[in-house]
1. Quick check on G40: is it open to solvent by 60 Å² or more (accessible area, probe 1.4 Å) and on the phi > 0 side of the Ramachandran plot?
2. Can you pull out every residue in segment 46-60 that is under 15 Å from T79 (Cβ atoms) and not in a loop (DSSP other than H, G, I, E, B)?
3. Looking only at segment 93-115, decide whether some residue is modelled with pLDDT of 80 or more, part of a loop (DSSP other than H, G, I, E, B) and more than 30 Å from R198 (Cβ to Cβ).
4. Give the residues of segment 22-45 that are part of a strand (DSSP E or B) and hydrophobic (A, V, I, L, M, F, W, C), sorted by residue number.
5. Within segment 53-89, can you find the residues that are surrounded by 19 or more Cβ atoms within 10 Å (Cβ to Cβ) and without any contact (Cβ under 8 Å) to a residue 24 or more places away in the chain?
Amino acid sequence: MSAATTRSRTPDRLCAEAVDLARAAAEEAAAPGIVGEHVGLVSEGDRVVTHFFECRELGYRGWRWAVTVARASRAKIVTVDEAVLLPGPDAVLAPEWVPWSERLRPGDMGPGDLLPTDAEDLRLEPGYSGEDEPAPNSAVSHEMADLVEAEDADVTEGPPSRLPVTPSRGSIAAVAEELGMRRARVLSRYGLHTAADRWEEAFGPKTPMAQSAPAACVSCGFLVPVGGSLGQAFGVCANEFSPADGRLVSLAYGCGGHSEAAVMPKPPQPAPPVIDETRVDPFPLRPASDSGSVPVTEDESSAELGHS
């Protein structure tokens, strides 16, 4: 070990004794009452020492004020290099920064938000769009292609329907558009599998609702089929009283709103009236005088009122 290395690891005496100078520098940089006790020092090199002071700031538990002092060769005056707040071994630190693309969760998007997809997104693969062909066979215009290649692409003005991406007549992209196949990228097999796993976890056979359902969705009249390969395992629920209304559900999913689970009985109908046409019941046109609720009286005053 060289002598220079030994001197650098041994704190300079004058710099190590400059505790008051270092505290004054820390108090000048911090708010009053924030700088605590002196908790140690470390040699940074020849005649360079860093003093550490406890930080009493709320929310900075374990942090320390670090003040570096130094002196010139053969000089007896110690000066301050810098004062900064640094985390200690037991400091409370913020979590490691995570890119926004990894922090995004389902449901975070709102109106007006844009979610760009990576050019190498494993969920997508090139569709029948002639994207490998130069213009005019490319499905994307020159302007959009420049934006894709740019590292810092700006958002184009207007909605996507108004962007200048109309292919020329007779090109591959124009034919693909007439066939309904003009998409630059489509779901890859990996994208299909991840979507299927996500939907089956939310509305699949292993959910508590499906476990207690009387029947599966595959036999429900409210199930709307979907096209493509996903139609072999999923459909759209169209029962407004189901918890999965408007959602993609597994054919093995089920709920109590199954169309054939329980059929409500019809309300009972009264029996038709029985009419006996073999006999005749006489009904007098005028009731008898003694058939009323008021007894017959000979009083002339009451007779004039019409009581029977």
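The values are calculated or read from the model by the stated rules, or taken from the named source; none is laboratory data. All values reported here derive from a predicted model rather than from experimental measurement. Backbone-built Cβ (ideal geometry, glycine too); neighbour counts: all protein chains shown. These accessible areas exclude ligands, DNA and RNA; they are computed on the full protein's heavy atoms, side chains included. Shrake-Rupley method; radii C 1.70, N 1.55, O 1.52, S 1.80 Å.
1. no
2. Within segment 46-60, V48, V49, T50, H51 qualify.
3. Yes, the conditions are met somewhere in segment 93-115.
4. Hits for segment 22-45 are V35, V39, L41, V42.
5. Residue satisfying the conditions is A66 alone.
Residue by residue, here is whether (1) open to solvent by less than 30 Å² (accessible area, probe 1.4 Å); (2) at negative phi; (3) of a type in the set (A, V, I, L, M) holds:
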{"residue": "Q211", "(1), (2), (3)": "no, yes, no"}
{"residue": "C220", "(1), (2), (3)": "yes, yes, no"}
{"residue": "V224", "(1), (2), (3)": "no, yes, yes"}
{"residue": "E260", "(1), (2), (3)": "no, yes, no"}
